[in-house]
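Reading through the structure tokens given below for one structure.
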């Protein structure tokens with residue numbers, strides 16, 4: 001299931017509005033956790049399956065959830 005981010009982000013450096021779509025599935029490539037996102041500038045697809053790295057606080061929260069589920 002694809003989800004779209006909230007309001008578009010104005011990228012003044014590029015002069016575009018940026019929006020994203022993601023399936024919100026956390027993936028592991030052996031080195032890092034990431035989610036795949038499609039990035040749009042002014043409604044046009046510019047990056048398909050861009051890998052956005054999960055931040056450390058989010059990774060720690062996921063780790064805590066998994067540990068609780070194993071108990």
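Any residue in segment 44-65 that is under 14 Å from residue 25 (Cβ atoms) sitting within a Cβ distance under 9 Å of a residue that is in a helix (DSSP H, G or I)? List the pairs, counting only those 6 or more apart or interchain.
Within 9 Å, the pairs are 54/62.
Every residue, every condition in (1) modelled with pLDDT of 95 or more; (2) assigned to a strand (DSSP E or B); (3) surrounded by fewer than 11 Cβ atoms within 10 Å (Cβ to Cβ); (4) in contact with a helix residue (DSSP H, G or I) (Cβ under 7 Å, 6 or more places away or on another chain), yes or no:
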| position | (1), (2), (3), (4) |
| --- | --- |
| 6 | no, no, yes, no |
| 13 | no, no, yes, no |
| 34 | yes, yes, no, no |
| 50 | no, yes, no, no |
| 59 | no, no, no, no |
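Restricting attention to segment 17-32, which residues are over 9 Å from the mean Cα position of the chain (by Cα) and not in a loop (DSSP other than H, G, I, E, B)?
17, 18, 19, 27, 28
The values are calculated or read from the model by the stated rules, or taken from the named source; none is laboratory data. Remember, predicted model here, so these are calculated numbers, not experimental data. Ideal geometry is used to build each Cβ from the backbone, glycine not excepted, and the neighbour counts take in all protein chains shown.
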